[in-house]
Amino acid sequence: AMDADEAAQELYVGDGYGNRRVVVLDMATGAFKRGWGAYGIPLSQIENGPLPAYDPAAPPARQFLGPVHCIRLSNDGLVYVCDRTADRIQVFTKQGQFVKEFQVRPQTLRNGSTWAVNFSSDRAQQYLLVGDGANNVVWMLDRQSGRVLGSFGHNGRNAGQFHWVHQVVMDSRGNLYTGEVDTGKRIQKFVLKR
């Protein structure tokens, strides 16, 4: 997962299948600039090897459990990172300072609940849209508090249903597009009703 900061010419990478970190690269040269782990820990403190399985009753893991499955930059300069198996989104400054975290359907096991994140199309990006491939829903959260405001979808192959929803993107008109993987293999468009 990647997102670009065009003004700073930096590429933010959710490096979470083989590693458990966020890295920032120079867009022109590909040179490493900085990076961090869960809660903004330095790269040197990221544990290698197996971590304990996610347990919703345990205190939050101090490491990304992974995969670090999505990364998005907000208009106000924050970095949103999906720690999929841990059912959470962590928010950082562009320098890697931890700001806050949101749990999304924290009782979800298996592949976790935070597969993709994106923002509503309003200037303030008031809402977070979270694609949840394990539960096959799109969650709508208040971006400031992380409070779940609603959701739509459920498991299935018909219109409006999902099989491993993997991407969520909103265009400037408020239309929402979702992408599914595995045997879902489709894009769906949802029109905002006012």
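The values are calculated or read from the model by the stated rules, or taken from the named source; none is laboratory data. Worth saying up front: this structure is predicted, and the values here are computed from it rather than measured. Cβ coordinates were reconstructed from backbone atoms using ideal geometry, including for glycine residues, and neighbour counts include every protein chain displayed. To get the accessible areas, we keep the full protein, side chains included, count just its heavy atoms, and leave off ligands, DNA and RNA. Shrake-Rupley method; radii C 1.70, N 1.55, O 1.52, S 1.80 Å.
Observations on the structure shown:
- Overall, the chain carries a charge dipole of about 460 debye about its Cα centre when +1 sits on the Cβ of Lys and Arg and -1 on the Cβ of Asp and Glu, all other atoms neutral.
- Listed residues Gln95, Phe152, Leu78: farthest to the positive end of the dipole of the chain (Cβ charges): Phe152
- Backbone geometry of region 177-182 corresponds, through the Karplus equation with coefficients 6.51, -1.76 and 1.60 at θ = phi - 60°, to 3J(HN,Hα) couplings of 10, 10, x, 10, 10, 6 Hz, x marking Gly and Pro.
- In this structure Thr85 has an accessible area near 40 Å², from a 1.4 Å probe over the protein heavy atoms.
- The share of accessible area on the chain that comes from carbon and sulfur is 52 percent, using a 1.4 angstrom probe.
- Rg/Rh ratio calculated on Cα atoms of the chain (Kirkwood radius): 0.96
- Note on Glu47/Arg173: beta-carbon distance plugged into 1/(1 + (r/R0)^6) with R0 of 41 Å gives a FRET efficiency of 0.40.
- Amide H to amide H distances under 5 Å link Gly66 with Arg84, Thr85, Ala86, where only residues 5 or more positions off or on other chains count and H is placed in the peptide plane.
- Surface accessible to a 1.4 Å probe, Arg20 within the full protein complex, Å²: 50
- Whole-Hz couplings from phi, Karplus 6.51/-1.76/1.60, listed for region 163-168; x for Gly and Pro: 10, 6, 4, 10, 9, 9
- Isotropically averaged projected area of region 52-132, using the convex hull of Cα atoms (one quarter of hull area), nm²: 5.1
- Solvent-accessible area of Leu25 with every protein chain in place, 1.4 Å probe, in Å² to the nearest 10: 40
- Linear extension gain, Ala57 paired with Lys193, 0.36 nm per residue minus alpha-carbon span: 45.2 nm
- Solvent-accessible heavy-atom area per residue, rounded to whole Å², over the chain at 1.4 Å: 50
- Within straight-line cross-link reach of Lys100, lysines at Cα separation under 26 Å, skipping those fewer than 8 residues along the same chain: Lys33
- Rh (Kirkwood; distinct C-alpha pairs) - region 86-177, Å: 13.6
- Most to least accessible of Glu180, Glu6, Glu101 (protein chains only, probe 1.4 Å): Glu6, Glu101, Glu180
- Cubic angstrom per residue, convex hull over Cα atoms of region 1-96: 91
- Ranked from largest to smallest solvent-accessible area, with a 1.4 Å probe on the protein heavy atoms, Ser172, Ser121, Ser74 come out as Ser172, Ser121, Ser74.
- Phi to ³J(HN,Hα) by Karplus 6.51 cos²θ - 1.76 cosθ + 1.60 over region 37-42, Hz, x for Gly, Pro: x, 3, 6, x, 5, x
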